[in-house]
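Asks: Would you mind keeping the following structure in view while I ask a few things?
The values are calculated or read from the model by the stated rules, or taken from the named source; none is laboratory data. Predicted model, so just to flag it, every value in this text is computed and none were measured. All Cβ positions, glycine included, derive from the backbone under ideal geometry; neighbour counts span all protein chains shown.
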């Protein structure tokens, strides 16, 4: 290995930075092909209905209308990932029927020469609906037997798991805390709206789709299945992406398949791009959950039992509901050493827009309930909440019972200690109250999130490293970059492994025709899973490189070292050669060789290491208005090894802001299945003036299975923000809120119920 770190651990500039700053980066909506048509969807005004008849005759008469595709012929793609395992299950991914299941569900697509013609055509289409009873409440949907949202019923999935003896656990408890928690329907709200692609079905039978998908190779599987094409006839090219946060983990409902269908029918490229309103109305959201939790603890703060019951609203179609429930289980059981644990969950269809993957993947909902419970227990026992968590967390060397693997790295204690010190935790918890309506408090919460999904899902990663005749390197990988800097991190790993300068590494675009199989970007996996593949490929290339060098330098391979693009003999550094000079001789000058050094690797990650974090939130609550002002977030996260500390800090900061939205402002409001706040004017995202001081603290625990000790960070950094803020609000006001999001009205109602307005002063003043 290189004698010193050339790239790992350095905040190097993103390799895509110049393209994005200069505006040269091309996104899916920017793709323009010759003779391209434009397409739009006609969406259902009903939450639940049968489509009895579709009359397009009037629209077909318009000049410029080229083709229609309807749900009567085009399958809907649902049931991702888990259904890929077998051919039998794969059939469940494709639904062909005449039923719409939420307001905004696509009914048909039309392709035309221009947008104006599209508008006219859609206005002339006549659809005859047979309205069906709509179910918007998951509890009612579970109880209803006469109305089936899907043929198999309204329950999408059930899970039950027990560890230990739950009854004995509660019998040994000195206190038992029971509460019900509810979480909101949050939207991804990425800068680039979800829903933009170009499909081109060529005369030779090859389909090319430009799509901002997080899973290019899996999306190829889905498209091939939906269109009944062999995989080698489907090509997915991923342009730049303006944020995903899980919302592009698959095909966008009604987008890519409809575009491909229209392109095949017309023989021309077809472009479709959703408006922001369509994005809000008809693409995936976070699963709203109702979580009942019963927790037992001894008088000295040892958690003896935890019983969890979850009802998860999946909307009109299921995509990621199994994985989301699985994450609720794994993070709930994996974080604390609770010997007796019962877990049950029911995922329920409703006639609302579909729910899917969103940053954290079920963990933010579960964490809000669990970390609220921990603070309540600490209060009952008159114990420091920090001390309670240190007493119960799973430590290094213990076995995670869900994954059944050893915890090989865990920096949670260090996260708590450094976060407490940086935030002034001890002092601020004990400051004396002052008068006035503005109450200040500080709260903490902790989290654990698994890296990748290799224990539950097909999770392949692959990479190829090619060293050119001038010493530069091409890194070929399908590890999709959604804006978080994956390509930069993987280039750093390649540079470090090879001993070559970072700026000599070029990373391929994501194209399923030219890149090896990779399951894409999700689950905070790319630095870990993708990084392992890159490191293995670069290691193979390095070995071949040194084999050539030993012949050139006349020394044993064991004596050779590489640093900054130069190979030299350890005991005689003057005996050296530049990699570029060696590769030119090997590839061009030596006619008997003419060999390019290529290293390739493919496989699955050896583990799903948990990464850990602690957040300390400081808030100010106006008890007269209910307004919450987050003053500061101190965020300490164990990332194993920070390959690029600057990018890690960016993830932590962005996750903090997203978690604040989940806590305080973001909730899609529905009436009779119709979303009421489908724009940034109505859906309350945080503004720049709302963002507090965020102090990122990076903790490195060195994950032995990861590349240079790295593991994940991307998802987990927003997981415990809401619970930390909730605990801080309670510290400031004495009001325990159990529903998200925590609006001013909710806080005022809580204050009224608790009769706190006249009886409680502020807890502390700022430093």
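Asks: Looking only at region 25-58, which residues are under 22 Å from residue 274 (Cα atoms) and touching a helix residue (DSSP H, G or I) at 6+ places or on another chain (Cβ under 9 Å)?
Replies: 25, 26, 37, 38, 39, 40, 41, 42, 43, 56
Asks: Based on this model, can you work out whether residue 348 counts as at pLDDT below 95, in contact with a helix residue (DSSP H, G or I) (Cβ under 7 Å, 6 or more places away or on another chain) and crowded, with 19+ Cβ neighbours inside 10 Å?
Replies: no
Asks: For region 125-209, give me every one of the strands (runs of 3 or more DSSP E) that falls completely inside it and has 3 or more residues that are surrounded by 14 or more Cβ atoms within 10 Å (Cβ to Cβ) and in the same structural domain as residue 53 (by TED's automatic domain parsing).
Replies: Counting at least 3 such residues, we get 196-201.
Asks: Now a separate question. Could you please give the count of residues in region 599-619 that are surrounded by 19 or more Cβ atoms within 10 Å (Cβ to Cβ) and either over 20 Å from the mean Cα position of the chain (by Cα) or part of a strand (DSSP E or B) (or both)?
Replies: Result for region 599-619: 12.
Asks: Determine which single condition residue 443 fails, assuming it passes every other condition in (1) part of a strand (DSSP E or B); (2) surrounded by fewer than 16 Cβ atoms within 10 Å (Cβ to Cβ).
Replies: That leaves (2) as the condition not met.
Asks: Could I ask something else about it? Here is a check on your reading of the model: is residue 530 in contact with a helix residue (DSSP H, G or I) (Cβ under 9 Å, 6 or more places away or on another chain) and either surrounded by 22 or more Cβ atoms within 10 Å (Cβ to Cβ) or part of a strand (DSSP E or B) (or both)?
Replies: Criteria met by residue 530.
Asks: Here is a further query. Of these, 303, 311, 291, 322, which one is at pLDDT below 95 and farther than 22 Å from residue 189 by Cα?
Replies: Being at pLDDT below 95 and farther than 22 Å from residue 189 by Cα holds for just one of 303, 311, 291, 322, which is 322.
Asks: Go through 291, 325 for me and flag whichever is in contact with a helix residue (DSSP H, G or I) (Cβ under 6 Å, 6 or more places away or on another chain), farther than 16 Å from residue 169 by Cβ and not assigned by TED's automatic domain parsing to the domain that holds residue 252.
Replies: 291
Asks: Looking at 103, 99, 77, can you tell me which residue is under 29 Å from the mean Cα position of the chain (by Cα), more than 30 Å from residue 35 (Cα to Cα) and touching a residue at least 12 places away in the same chain (Cβ under 8 Å)?
Replies: Of 103, 99, 77, the one residue that is under 29 Å from the mean Cα position of the chain (by Cα), more than 30 Å from residue 35 (Cα to Cα) and touching a residue at least 12 places away in the same chain (Cβ under 8 Å) is 103.
Asks: Just the residues that are crowded, with 24+ Cβ neighbours inside 10 Å and assigned to a loop (DSSP other than H, G, I, E, B), please, taken from region 460-483.
Replies: Correct list: 477, 478, 479, 480, 481, 482.
Asks: Still on this structure: Scan region 41-66 for residues that are surrounded by fewer than 16 Cβ atoms within 10 Å (Cβ to Cβ) and in a strand (DSSP E or B) and jot them down.
Replies: Across region 41-66, the qualifying residues are 50, 52, 53, 55.
Asks: Could you tell me whether any residue of region 215-222 is assigned to a loop (DSSP other than H, G, I, E, B) and either in the same structural domain as residue 478 (by TED's automatic domain parsing) or at pLDDT below 95 (or both)?
Replies: Among the residues of region 215-222, at least one is assigned to a loop (DSSP other than H, G, I, E, B) and either in the same structural domain as residue 478 (by TED's automatic domain parsing) or at pLDDT below 95 (or both), which makes the answer yes.
Asks: Would you say residue 341 is in contact with a helix residue (DSSP H, G or I) (Cβ under 9 Å, 6 or more places away or on another chain), surrounded by fewer than 24 Cβ atoms within 10 Å (Cβ to Cβ) and closer than 19 Å to residue 609 by Cβ?
Replies: no
Asks: Would you mention how many residues in region 309-341 are in a strand (DSSP E or B) and over 18 Å from residue 719 (Cα atoms)?
Replies: 7
Asks: In region 455-465, is there at least one residue being touching a strand residue (DSSP E or B) at 6+ places or on another chain (Cβ under 9 Å) and farther than 24 Å from residue 81 by Cβ?
Replies: Checked against the condition, which is being touching a strand residue (DSSP E or B) at 6+ places or on another chain (Cβ under 9 Å) and farther than 24 Å from residue 81 by Cβ, region 455-465 yields at least one hit.
Asks: Looking at (1) surrounded by 21 or more Cβ atoms within 10 Å (Cβ to Cβ); (2) assigned to a strand (DSSP E or B), which is the one condition that is false for residue 419?
Replies: Result: residue 419 passes all but (2).
Asks: Considering only region 568-584, state which residues are out of contact with any strand residue (DSSP E or B) (no Cβ under 7 Å at 6 or more places or on another chain) and surrounded by fewer than 15 Cβ atoms within 10 Å (Cβ to Cβ).
Replies: The answer is 571, 572, 573, 574.
Asks: With the checklist (1) within 25 Å of residue 260 (Cβ to Cβ); (2) surrounded by 12 or more Cβ atoms within 10 Å (Cβ to Cβ) in hand, flag the one item residue 73 doesn't pass.
Replies: It is condition (2) that residue 73 fails.
Asks: Within region 385-395, is even one residue part of a loop (DSSP other than H, G, I, E, B) and out of contact with any helix residue (DSSP H, G or I) (no Cβ under 7 Å at 6 or more places or on another chain)?
Replies: Within region 385-395, one or more residues are part of a loop (DSSP other than H, G, I, E, B) and out of contact with any helix residue (DSSP H, G or I) (no Cβ under 7 Å at 6 or more places or on another chain).
Asks: Additional query: I want to confirm something. Restricting to region 402-416 and keeping residues that are out of contact with any helix residue (DSSP H, G or I) (no Cβ under 7 Å at 6 or more places or on another chain) and assigned to a helix (DSSP H, G or I), which single residue is nearest to residue 332 (Cα to Cα)?
Replies: Applying the filter and picking the extreme gives 412.
Asks: Looking at region 698-710, is at least one residue touching a strand residue (DSSP E or B) at 6+ places or on another chain (Cβ under 6 Å), under 26 Å from residue 420 (Cα atoms) and surrounded by 19 or more Cβ atoms within 10 Å (Cβ to Cβ)?
Replies: Yes, because at least one residue in region 698-710 is touching a strand residue (DSSP E or B) at 6+ places or on another chain (Cβ under 6 Å), under 26 Å from residue 420 (Cα atoms) and surrounded by 19 or more Cβ atoms within 10 Å (Cβ to Cβ).
Asks: Scan region 550-562 and give yes if some residue there is touching a helix residue (DSSP H, G or I) at 6+ places or on another chain (Cβ under 6 Å) and in a strand (DSSP E or B), otherwise no.
Replies: Yes; the residues of region 550-562 include at least one that is touching a helix residue (DSSP H, G or I) at 6+ places or on another chain (Cβ under 6 Å) and in a strand (DSSP E or B).
Asks: Among the residues of region 733-756, count how many are buried (at least 24 other Cβ atoms within 10 Å of the Cβ) and either over 24 Å from the mean Cα position of the chain (by Cα) or assigned to a helix (DSSP H, G or I) (or both).
Replies: 2
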